[in-house]
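What follows is a set of notes on a single structure, which appears directly below.
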Amino acid sequence: MAMKGGGFERKSKASSEVPASSLADIAFLLLIFFMVTTVFQADKDRPIAWPEAEAAQKIDEKQKNILNIWLEQTGSVYMNDQPFAMADVSSFVAPLYAASERALVISIRSDRQTPYRFVDQLQQELVDAGVVRVVFATQLEQSLTRERR
Amino acid sequence: MAILNNRKTKVSDEVPTSSMADIAFLLLIFFLVTTTFPKDKGLAIVLPEPGETLEVSQRNILHILIQPGGVVVVRRGENPQEQQLRPDQIEGLWRHEVSQNENLIAAVKTHPDAAYEHMVDVLDALQSANADKISLQVLEQ
């Protein structure tokens, strides 16, 4: 029997194409992995009017080491979505501060019309808790809006 | 000749899956690129340690008193002379004062009834002028 090329030109059984059927599974797996592992800020925003500042800088600390303290116009204090009495702030913050190995940063989110006495009381509570790093959270003020005032 | 009705259809009856991978990767990359985590911005200060007090010469203190209406009164050390300013004038004032005395400390004293935003305005002006020695206090009557 005469074979073309003497029988050496055998057809390869391996496919010459990249197997594309599993790529979709891989991509969806990655998509779902990132969707599940992404953690967003834990506490809800309180309705406050933010103060504005030009010199505001980004807080240079990991998200888990930032504790937001919301201070409303009436002087009510919220941490982790729960209301607190002003006098209880220090006893709540101190263990958190110790657990974070003194890396905790407090972000004071106060309404712009809050009377300063409440801010001062809050600062005293934080000093009592031994916290040193505090940030007055603000929105960035554009230089244009400043000139208009 | 074959029966005409029994013709093979040329349209595939399967969902085309070869482009699914492209769609999924496109979505993945789109979300990876567009996701931005909002980083909080703010004016950072360092609070004193509990029980920490410092004796400071009156000569090195610039008293900045914030009144309830937002008017800022500036006093230098023990000098009884007062100067009324707006918060946005503090930046220039601080730059001028600190060029004459490097050890100057800004003592920001806010009236208990003054709005928080006035204190933030003054703190903003001081930090814009690169002031690092700032003391926040409440104004005692």
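The values are calculated or read from the model by the stated rules, or taken from the named source; none is laboratory data. All figures in this text were calculated on a predicted structure; none of them were measured in a lab. Don't worry about glycine lacking a Cβ; one is built from the backbone with ideal geometry, like all the others, and counts go over all protein chains shown. Note: accessible area is taken over every heavy atom of the protein model, side chains too, but ligands, DNA and RNA are not part of it. Shrake-Rupley method; radii C 1.70, N 1.55, O 1.52, S 1.80 Å.
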Unmet requirement for B:Val120, which otherwise passes all of (1) within 12 Å of chain A (Cβ to nearest Cβ); (2) part of a loop (DSSP other than H, G, I, E, B) = (2)
inquiry  = Condition check: open to solvent by less than 30 Å² (accessible area, probe 1.4 Å), more than 25 Å from A:Asp60 (Cα to Cα) and in contact with a Phe, Trp or Tyr (Cβ under 8 Å, 6 or more places away or on another chain). Does B:Ala114 satisfy that?
reply    = yes
remark   = Within region B:87-111, of all residues that are in contact with a Leu (Cβ under 7 Å, 6 or more places away or on another chain) and either of a type in the set (D, E, K, R) or surrounded by fewer than 16 Cβ atoms within 10 Å (Cβ to Cβ) (or both), the one farthest from A:Glu141 (Cα to Cα) is B:Glu97
message = Any residue that is at pLDDT 90 or above, of a type in the set (S, T, N, Q) and over 19 Å from A:Lys44 (Cβ atoms) - is there at least one of those in region A:91-105?
response = yes
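For residues in region B:41-65 being within 11 Å of another protein chain (Cβ to nearest Cβ) and within 15 Å of B:Ala131 (Cβ to Cβ), which is surrounded by the fewest Cβ atoms within 10 Å (Cβ to Cβ)? Can you show your working first?
Going through region B:41-65, the residues within 11 Å of another protein chain (Cβ to nearest Cβ) turn out to be B:41-52.
This time we only want the ones that are within 15 Å of B:Ala131 (Cβ to Cβ), so: B:43-46.
Working: B:Leu43: 23, B:Ala44: 19, B:Ile45: 18, B:Val46: 11.
Applying the filter and picking the extreme gives B:Val46.
Does A:Arg117 count as basic (Lys, Arg), out of contact with any Cys (no Cβ under 8 Å at 6 or more places or on another chain), open to solvent by less than 60 Å² (accessible area, probe 1.4 Å) and facing another protein chain (nearest Cβ under 10 Å)? Walk me through it before giving the result.
Details: basic (Lys, Arg): yes; out of contact with any Cys (no Cβ under 8 Å at 6 or more places or on another chain): yes; open to solvent by less than 60 Å² (accessible area, probe 1.4 Å): no; facing another protein chain (nearest Cβ under 10 Å): yes.
Spelling it out, it is not the case that A:Arg117 is basic (Lys, Arg), out of contact with any Cys (no Cβ under 8 Å at 6 or more places or on another chain), open to solvent by less than 60 Å² (accessible area, probe 1.4 Å) and facing another protein chain (nearest Cβ under 10 Å).
Mind checking which strands (runs of 3 or more DSSP E) fall wholly inside region B:5-101 and carry at least 2 residues that are within 23 Å of the chain's Cα centre (by Cα)?
Details: elements: B:41-46, B:61-66, B:72-76, B:82-85.
The qualifying strands (runs of 3 or more DSSP E) are B:41-46, B:61-66.
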message = Looking at region B:123-138 only, could you name the residues that are more than 7 Å from every other protein chain (Cβ to nearest Cβ) and either hydroxyl-bearing (Ser, Thr, Tyr) or surrounded by fewer than 19 Cβ atoms within 10 Å (Cβ to Cβ) (or both)?
response = B:Ala129, B:Asn130, B:Asp132, B:Lys133, B:Ile134, B:Ser135, B:Gln137
request  = Starting from region B:11-38, take each residue that is within 30 Å of A:Gln63 (Cα to Cα) and list its partners that are modelled with pLDDT of 85 or more, counting only C-beta distances under 6 angstrom and pairs at least six apart or across chains.
outcome  = B:Leu28/A:Leu30
Selection count where residues are open to solvent by 40 Å² or more (accessible area, probe 1.4 Å), within 8 Å of chain B (Cβ to nearest Cβ) and in a loop (DSSP other than H, G, I, E, B), scope region A:42-78 = 1
